[in-house]
Amino acid sequence: MTWSRVFNITFAALIILALFLCLSAYAQIPERADHYRRDLTRISQQEMGLAAPVALFAAQIHQESSWRSDAKSPYAVGLSQFTPATAKWIAEIYPDLGTAAPYSPGWAMRAMLRYDRHIRERVKPWHARDIPQCDKWAFTLSGYNGGPGWISRDRRQAESAGHCSDVWFGSVEKYSTRSASAFKENRHYVNRILNNLEPRYIAAGWPAGAKGATCFAL
């Protein structure tokens, strides 16, 4: 067998593998996600700039509601699962969002991005010159899920245990004074979005954002 034939066979195998991985990624994403892809991309870039990690936000919505605009939980509703109190609050401090409408997909996506940005901009370094982007997103997601007030409490808890309060992975993620069930749910939320769901959307072609904007760009 000639080297050219070996190369052609290997190249073809790699193409088939790439197509398989891409199709597998699509198979793990709800079909209804494509209905919102263009709007989420536009809203993400409006809120976070052209290099916004759209795949991360898609993963967040996937985790929150599996892309069901009529989703209900015991405490929250809609595509982005806002509680009534948080929906009212975010609409009050950001009047340009309009009246709180968590069942409206457009409002829910805009409000989620605005709330993410609100939390993320307030995650400041305590000791280091800056917080790595991946860790900053982890803090942001933790705050979205459990309330931003817990971010500082968890960081203080990690610091009192001798760990770096500016690093999420392997440090702050291990510490909290919240209940065992709330702790487990919050850490699962962060890890599933960043380690499991976001890579699926990146593999399926959703924009990953600028280098360093996400944790696990493929």
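General observations
- The residue that is nearest to the chain's Cα centre (by Cα), among those in the range 1-57 that are at pLDDT below 55 and of a type in the set (S, T, N, Q), is SER24.
- Picking from residues in the range 128-156 that are farther than 21 Å from LEU56 by Cβ and modelled with pLDDT under 95, the one that is surrounded by the most Cβ atoms within 10 Å (Cβ to Cβ) is ALA128.
- Hey, ARG117 assigned to a helix (DSSP H, G or I), in contact with an Asp or Glu (Cβ under 6 Å, 6 or more places away or on another chain) and among the basic types (Lys, Arg) or not: yes
- Here is the figure for the range 157-195: residues that are within 12 Å of ALA58 (Cα to Cα) and not aliphatic (A, V, I, L, M) total 0.
- Among residues of the range 112-127 that are exposed (fewer than 12 other Cβ atoms within 10 Å of the Cβ), those with a beta-carbon under 8 Å from a residue that is in a loop (DSSP other than H, G, I, E, B) and of a type in the set (Ser, Thr, Tyr) at least six positions away or on a different chain give the pairs HIS127/SER165.
The values are calculated or read from the model by the stated rules, or taken from the named source; none is laboratory data. These figures come from a predicted structure and were not determined experimentally. So basically every Cβ, Gly included, is an ideal-geometry build from the backbone, and we count neighbours across all protein chains shown.
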